[in-house]
Every structure is written in structure tokens, then in C-alpha cells.
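First comes the structure, then the notes that go with it.
The values are calculated or read from the model by the stated rules, or taken from the named source; none is laboratory data. Note that the structure is predicted; figures quoted are calculated from it, not measured. Please note: Cβ atoms are built from the backbone with ideal geometry, for glycine as well, and neighbour counts cover all protein chains shown.
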Amino acid sequence: MYKLFTYGTLRRGFNNHSMLRNSIFLGESMTKESYLLTDIGLPILINYQGDGAKRVKGELYIVTQETLNMLDRLEGHPMLYRRETIKVSSPFDNKFEDALVYFFNVSNFAEKHLKYVEGLEEWTKK
């Protein structure tokens, strides 16, 4: 079993949430560090702490290896998105804990353009 932090289409009420039907919802959560969340027609989270980066709101789940394998295919891991471990707030106390997250895989060429991207705290498009 793994903890997974979701920030976009896997959250409740969004189009890919059904992929978490066999998972356990733990509650609302927020990243400990700031990252760049933006919208390119779908939400992408970039492991970037420069201008525009913010702590990101999302949801925390417990997922099985089977669900994780399915999500890896959905997210194109490791080519399109990379699954990494970050610190997120626990829904039960004020502590931080490890959770997996899918970061958009940005090429070195594109990284120099990230300072021009508007960062979001939460993706809300439905």
C-alpha cells in the first residue's frame, strides 16, 4: 500500500477519479514545499521552486500496487510524468508525511521558460 497525493483530474469530482475507486480517501492535504501547478488544458505539477511556485492543495489516498500500475500507465510514467515522493500535510494532525505524486516531466530546454508560467494553488477546472 502507498500514499498518493492527487492535485488534478484524479481528485473527487473530476474525470479520472474513478481510477481510485478501490482506494481509501484519507482527506484534504497540502504540499509542504512549493511547486509550480499550472493548466495547459489539464493540470500539470512541476518540481520547480522558482517564481510562481506555491504550496499545492490536493487529496491524499491509500492506493494498492495494482492501482499504482494503472496510474503509471495513465500518467505515462516515467516519460510524460514522473512519480516521486514528496512531503504533504496529514489530514489527521499538523505533521507532514511522505506521499507519491506525479510531476510533469519538463525537459531542460523548457525549464528556462518556467519563470513565465502562472502558478496555481489549486486546480479547479471541471
So is S34 assigned to a strand (DSSP E or B) and touching a Pro at 6+ places or on another chain (Cβ under 8 Å) or not?
no
Here the qualifying pairs (Cβ atoms under 6 Å; residues six or more apart or on different chains; first in region 72-98 and aromatic (F, W, Y) and modelled with pLDDT under 95; second in a strand (DSSP E or B) and surrounded by 12 or more Cβ atoms within 10 Å (Cβ to Cβ)) come out as Y81/Y102; Y81/F104
Search result, residues across region 25-71 that are buried (at least 18 other Cβ atoms within 10 Å of the Cβ), among the hydrophobic types (A, V, I, L, M, F, W, C) and in contact with a helix residue (DSSP H, G or I) (Cβ under 8 Å, 6 or more places away or on another chain)
L36, I46, V63, L71
Would you say F14 is aromatic (F, W, Y), under 14 Å from the mean Cα position of the chain (by Cα) and outside any strand (DSSP E or B)?
yes
Residues in region 42-62 that are modelled with pLDDT of 95 or more and touching a Lys or Arg at 6+ places or on another chain (Cβ under 8 Å) total 6
Please count how many residues of region 33-60 are touching a Ser or Thr at 6+ places or on another chain (Cβ under 7 Å) and either charged (D, E, K, R) or without any contact (Cβ under 8 Å) to a residue 40 or more places away in the chain (or both).
5
